[in-house]
Amino acid sequence: MKRRSLRRWNNVLFLGLSVLATAVGLACLAAILWTLLSHGVAALSWRLFTQMTPPPGGQGGLLNALYGSAVMTLLGILIGSPIGVLAGTYLAEYGRDSRLSTAIRFINDVLLSAPSIIVGLFVYAILVVRMGHFSALAGALALAVLAIPVTLRTTEDMLNLVPAGMKDSSAALGAYPWRTTVSVLYPAARSGIVTGLLLAVARISGETAPLLFTALNNQFWSTDLSAPMANLPVVIFQFALSPYKDWQSLAWAGALIVTVAILVLSIAARSILALLQRSRGAAR
Amino acid sequence: MAIIDARHAARQLVYERVFRGATLAAAVLVLLILGGVALSLVKGAWPAVSHFGPKFVTTEAWNPVTDEYGALGPIYGTLVTSTIAMLIAVPTAFGIALFLTQLCPAVLKRPIGVAVELLAAVPSIIFGIWGLFVLAPILQRHVQPWLIAHAAPIPVLHALFKGPPYGIGVLTAGLVLAIMVLPFIAATMRDVFETVPAMLKESGYGLGATTWEVMWHVVVPHSRVGIVGGVMLGLGRALGETMAVTFVIGNAHRISASLLAPGTTISSAIANEFTEAVGDLYTSSLIALGLLLFLITFTVIALAQLMLRRLSRSAGAAT
């Protein structure tokens with residue numbers, strides 16, 4: 001009888017701790033979002049989108065940083081995602097179980113969680129040292145390297161979800177594999193691949209470490225890809241650690257913008273996936 | 001007609017070869033990137049490695065003025081902050097995964113799961129400024145004075161919680177890291193727990209076990225490999241995390257027994273000093289730090305992947 005009540009107490013104790021752990025996790029998310037909102041909203045104004053980053057103590061906005069982040073993220077995706085999609089296609093359609101594919105899958109998963117600062121050092125070594133100076137192009141390349149594993153993984157997964165019957169039908173009509181892939185598999189897996197791109201954009205648009213010594217920062221408006229370019233994460237980093245109140249509030253505004261953008265992208269990607277799964281479930 | 005068909009077929013064959021070649025090239029590029037990363041780090045680190053030899057990883061000195069660099073401080077900081085992070089994050093993540101898979105009402109399952117995953121999507125720099133402006137002041141005012149006062153009479157704890165409450169420091173960095181890696185570990189554990197066949201769990205309940213007993217004696221042993229894989233994946237993140245740590249660790253190349261003292265980690269040292277490093281030996285020493293980090297995280301992540309792979313293979317074989 002005694003033993004039984006001990007077991008029951010144990011059960012209540014550990015389940016209680018489990019609920020507590022979940023509450024703590026959710027509280028952290030809430031606390032971070034609340035801090036961002038309370039500091040960030042206060043700092044929001046039209047100036048953010050019309051003026052350049054100010055010198056110390058001055059007033060200004062984040063226009064050059066927003067532009068730089070948009071350009072480098074876009075370039076990063078434009079360079080990285082075709083590679084990721086093509087490599088994913090190889091793994092799903094040509095390589096399948098070959099030893100090369102197994103190795104690539106493994107390496108890709110390692111790259112997916114490798115520290116991004118290492119990627120920064122890599123691009124620094126192959127591009128910045130050679131060019132002799134920091135540049136937006138180097139920043140975009142670092143982001144592209146980070147985007148490849150994400151798009152590769154989702155592309156392969158999504159192509160594997162396409163029913164084998166569709167592929168067989170196309171092959172039975174005499175189509176070569178490339179034709180099947182381009183005209184049948186890609187359209188069928190389109191929304192899944194787009195989701196992968198969204199996730200990749202979300203992943204790279206908040207990256208700071210790889211930009212520190214590739215794109216660096218630029219206080220002024222610059223559209224030159226071979227020159228240092230301002231970008232939101234690095235501006236947030238530098239302004240938040242500065243002693244100036246104006247800079248700190250700009251950092252909070254920037255942090256709010258980045259986070260909201262990333263959360264919206266992630267939620268959008270998730271909803272597309274959920275819709276996909278539902279429609280696929282209904283089809284069966 | 002036959003000629004056109006032949007031409008058409010020949011052209012199709014060319015397209016096929018080009019397309020196949022392009023996908024193969026892209027796939028091989030992934031291998032080349034990893035190889036390139038390793039090669040460029042070794043090449044960049046070589047001057048420092050050949051100059052200092054094994055002394056590089058055993059000395060604490062980090063002095064740009066006399067051009068002497070030792071990696072012991074950053075290595076120590078990386079290991080200690082990651083240890084703190086794992087000590088906090090692993091049990092908490094376990095609790096979250098337990099809640100999500102065994103206790104949570106079906107209606108809440110998806111929203112809470114998504115919330116945990118969104119926490120994983122928040123960029124690390126946000127954790128950094130949150131840690132610096134919100135967590136550090138709270139710790140400095142309320143938590144650290146209490147720790148210092150209450151740890152003073154206890155021998156080991158006294159050394160761990162000694163000195164003035166700076167707010168920022170090794171302990172704060174560990175805490176921020178714990179919050180950062182929590183969602184990764186929790187999400188992996190949840191997925192692993194969900195692979196446990198319902199039949200096994202039902203058998204446990206059928207024998208009269210409580211929910212906790214089923215969890216501890218059935219679910220955990222069954223998913224041991226996956227749990228370790230998830231923990232290692234989180235550890236890989238914690239070891240390599242840069243921005244969140246750089247904000248709150250205080251950046252001092254010093255090893256102190258006290259967890260309240262400022263320190264540095266491999267990644268935050270690189271982030272802080274790389275663009276300001278003058279002199280080839282300084283830059284090379286920082287790249288050597290990067291090489292160390294690469295080797296450590298590569299090993300940890302590779303082991304994690306191997307374990308998770310083994311699990312998914314055995315789960316695939318069972319179903």
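The values are calculated or read from the model by the stated rules, or taken from the named source; none is laboratory data. Just so you know, these numbers come straight off a predicted model, no measurement behind them. Here Cβ is always computed from backbone atoms with ideal geometry, including for glycine, and neighbour counts include all displayed protein chains.
What the table shows:
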quantity: Qualifying residue in the range B:99-120 (condition: at pLDDT below 95 and not in a helix (DSSP H, G or I)); calculated: yes
quantity: All positions within the range B:261-287 that are over 21 Å from B:Ser124 (Cβ atoms) and surrounded by 24 or more Cβ atoms within 10 Å (Cβ to Cβ); calculated: B:Ser285, B:Ile287
quantity: All positions within the range A:104-115 that are facing chain B (nearest Cβ under 7 Å) and in a helix (DSSP H, G or I); calculated: A:Ile104, A:Phe106, A:Ile107, A:Asn108, A:Asp109, A:Val110, A:Leu111
quantity: Criterion (in contact with a Ser or Thr (Cβ under 8 Å, 6 or more places away or on another chain) and either within 13 Å of another protein chain (Cβ to nearest Cβ) or over 29 Å from A:Ile257 (Cα atoms) (or both)) met by exactly one of A:Ser135, A:Ser170; calculated: A:Ser170
quantity: Residue in the range B:235-251 that is crowded, with 24+ Cβ neighbours inside 10 Å, under 20 Å from B:Tyr69 (Cα atoms) and not polar (S, T, N, Q) present; calculated: yes
quantity: Set A:Ala269, A:Ala283: member being at pLDDT below 90 and within 13 Å of the chain's Cα centre (by Cα); calculated: A:Ala269
quantity: Selected residue (criterion: farthest from the other protein chains (Cβ to nearest Cβ)) from residues of the range A:191-239 that are among the β-branched types (Val, Ile, Thr), surrounded by 24 or more Cβ atoms within 10 Å (Cβ to Cβ) and outside any helix (DSSP H, G or I); calculated: A:Thr214
quantity: Of all residues in the range A:106-116 being surrounded by 20 or more Cβ atoms within 10 Å (Cβ to Cβ) and in contact (Cβ under 8 Å) with a residue 40 or more places away in the chain, the one that is nearest to the chain's Cα centre (by Cα); calculated: A:Ser116
quantity: Single match in B:Val134, B:Val114, B:Val192 (criterion: closer than 30 Å to B:Ala304 by Cβ, out of contact with any Pro (no Cβ under 8 Å at 6 or more places or on another chain) and without any contact (Cβ under 8 Å) to a residue 60 or more places away in the chain); calculated: B:Val114
quantity: Among (1) in contact with a helix residue (DSSP H, G or I) (Cβ under 6 Å, 6 or more places away or on another chain); (2) within 30 Å of A:Leu241 (Cα to Cα); (3) polar (S, T, N, Q); (4) more than 14 Å from chain A (Cβ to nearest Cβ), the one test that B:Thr246 misses; calculated: (4)
quantity: Breaking point among (1) facing chain A (nearest Cβ under 10 Å); (2) in contact with a helix residue (DSSP H, G or I) (Cβ under 8 Å, 6 or more places away or on another chain); (3) over 20 Å from B:Ile96 (Cβ atoms), for B:Glu213; calculated: (3)
quantity: Some residue of the range B:195-216 being part of a helix (DSSP H, G or I), over 30 Å from A:Ser5 (Cα atoms) and touching a residue at least 40 places away in the same chain (Cβ under 8 Å); calculated: no
quantity: Where B:Ala149 falls short, out of the listed (1) more than 14 Å from every other protein chain (Cβ to nearest Cβ); (2) free of Cβ contacts under 8 Å to residues at least 12 places away in the same chain; (3) assigned to a loop (DSSP other than H, G, I, E, B); calculated: (3)
quantity: Qualifying residues in the range A:90-102 (those that are more than 7 Å from chain B (Cβ to nearest Cβ) and assigned to a helix (DSSP H, G or I)) - the one surrounded by the most Cβ atoms within 10 Å (Cβ to Cβ); calculated: A:Ala92
quantity: Helices (runs of 4 or more DSSP H) enclosed by the range A:1-89 - at least 2 residues per element that are small (Gly, Ala, Ser), without any contact (Cβ under 8 Å) to a residue 60 or more places away in the chain and surrounded by 20 or more Cβ atoms within 10 Å (Cβ to Cβ); calculated: A:2-43
quantity: Set B:Ile75, B:Ile33: member being away from chain A (no Cβ under 13 Å) and out of contact with any Gly (no Cβ under 8 Å at 6 or more places or on another chain); calculated: B:Ile75
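Yes or no, residue by residue, for (1) touching a helix residue (DSSP H, G or I) at 6+ places or on another chain (Cβ under 6 Å); (2) more than 9 Å from chain A (Cβ to nearest Cβ); (3) surrounded by 21 or more Cβ atoms within 10 Å (Cβ to Cβ):
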{"residue": "B:Ala45", "(1), (2), (3)": "yes, yes, yes"}
{"residue": "B:His51", "(1), (2), (3)": "no, yes, no"}
{"residue": "B:Val57", "(1), (2), (3)": "no, yes, no"}
{"residue": "B:Tyr69", "(1), (2), (3)": "yes, yes, yes"}
{"residue": "B:Ala93", "(1), (2), (3)": "yes, no, yes"}
{"residue": "B:Ala97", "(1), (2), (3)": "yes, no, yes"}
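To keep it simple, each residue is scored yes or no on (1) surrounded by fewer than 21 Cβ atoms within 10 Å (Cβ to Cβ); (2) among the basic types (Lys, Arg); (3) touching a Cys at 6+ places or on another chain (Cβ under 8 Å).
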residue	(1), (2), (3)
B:Arg141	yes, yes, no
B:Pro164	yes, no, no
B:Val176	no, no, no
B:Met180	no, no, no
B:Ala186	no, no, no
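Residues are listed down the side, and each one gets a yes or a no for (1) within 28 Å of B:Ile33 (Cβ to Cβ); (2) more than 9 Å from every other protein chain (Cβ to nearest Cβ); (3) among the hydrophobic types (A, V, I, L, M, F, W, C):
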residue	(1), (2), (3)
B:Ile255	no, yes, yes
B:Ser258	no, yes, no
B:Thr265	yes, yes, no
B:Ile287	yes, no, yes
B:Gly290	yes, no, no
B:Leu295	yes, yes, yes
B:Leu306	yes, no, yes
B:Arg310	yes, yes, no
